[in-house]
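The values are calculated or read from the model by the stated rules, or taken from the named source; none is laboratory data. It should be emphasised that the depicted structure is a prediction, and the values quoted were computed from it without experimental measurement. With ideal geometry, Cβ positions are generated from the backbone for all residues, glycine too; neighbour counts draw on all protein chains shown.
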Amino acid sequence: MARSVSIVAFDLAAAEWQAVDQSIDDAFGELESRVLKARPDLTSRAERVQAARFHFNYRAFDPPAESENVEPLVVGIRFEPGDGGIHIAGDICTEESGRILYDERCEAQLAGSATEVAVVAGDIARRLAAQHGVILDYFGAAPQ
């Protein structure tokens, strides 16, 4: 039986969070493949941070070591308590300054099941993953 999502305590079982994270990781993995195919000199890292009232799943893209004044980019989805439910928001932003490069239609407020959270998070992740051009534009053309 699927429990409803309790925002205050993030009442999702470990297996339910795994389903949510897997839907995000699948989309972000495709994004990583596209970006690194076009820019093999970039590196990426997949990370998750979870606390009692916060969950963040992201993929970071780091510039080549010789790059100066170029921040890494973060493509991520965060989950936080919201008005009677769970607030989900995703974006592509610079890692240090937090400048948002893309966040169109990447936000939702839910009070539904863990399955609904996984579906919506997957939709947002795929929307972000479709923006690989934003990442490539930010880092510029591949060095020759």
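I want to confirm something. Restricting to segment 39-74 and keeping residues that are of a type in the set (D, E, K, R) and touching a strand residue (DSSP E or B) at 6+ places or on another chain (Cβ under 8 Å), which single residue is modelled with the lowest pLDDT?
First pass over segment 39-74, keeping only residues of a type in the set (D, E, K, R): 39, 41, 45, 47-48, 53, 59, 62, 66, 68, 71.
Next cut, touching a strand residue (DSSP E or B) at 6+ places or on another chain (Cβ under 8 Å) only: 45, 47-48, 53, 59, 62, 71.
Numbers: 45: 96, 47: 94, 48: 92, 53: 80, 59: 97, 62: 96, 71: 95.
Ranking the candidates gives 53 first.
Scanning segment 71-85 for residues that are part of a strand (DSSP E or B) and over 14 Å from residue 25 (Cα atoms) yields 73, 79, 80, 81, 82, 85.
So for segment 86-98 (the condition being free of Cβ contacts under 8 Å to residues at least 12 places away in the same chain and either surrounded by 15 or more Cβ atoms within 10 Å (Cβ to Cβ) or not aliphatic (A, V, I, L, M) (or both)), does at least one residue qualify? Within segment 86-98, one or more residues are free of Cβ contacts under 8 Å to residues at least 12 places away in the same chain and either surrounded by 15 or more Cβ atoms within 10 Å (Cβ to Cβ) or not aliphatic (A, V, I, L, M) (or both). Report, by residue number, each residue of segment 91-108 that is outside any strand (DSSP E or B), charged (D, E, K, R) and within 13 Å of residue 76 (Cβ to Cβ). Within segment 91-108, 95, 103 qualify. Across segment 24-51, what is the total count of residues that are buried (at least 18 other Cβ atoms within 10 Å of the Cβ) and either over 16 Å from the mean Cα position of the chain (by Cα) or in a strand (DSSP E or B) (or both)? Summing the residues that are buried (at least 18 other Cβ atoms within 10 Å of the Cβ) and either over 16 Å from the mean Cα position of the chain (by Cα) or in a strand (DSSP E or B) (or both) in segment 24-51 gives 3. Under the condition of being surrounded by 20 or more Cβ atoms within 10 Å (Cβ to Cβ) and in a strand (DSSP E or B), the residues counted in segment 109-132 number 1.
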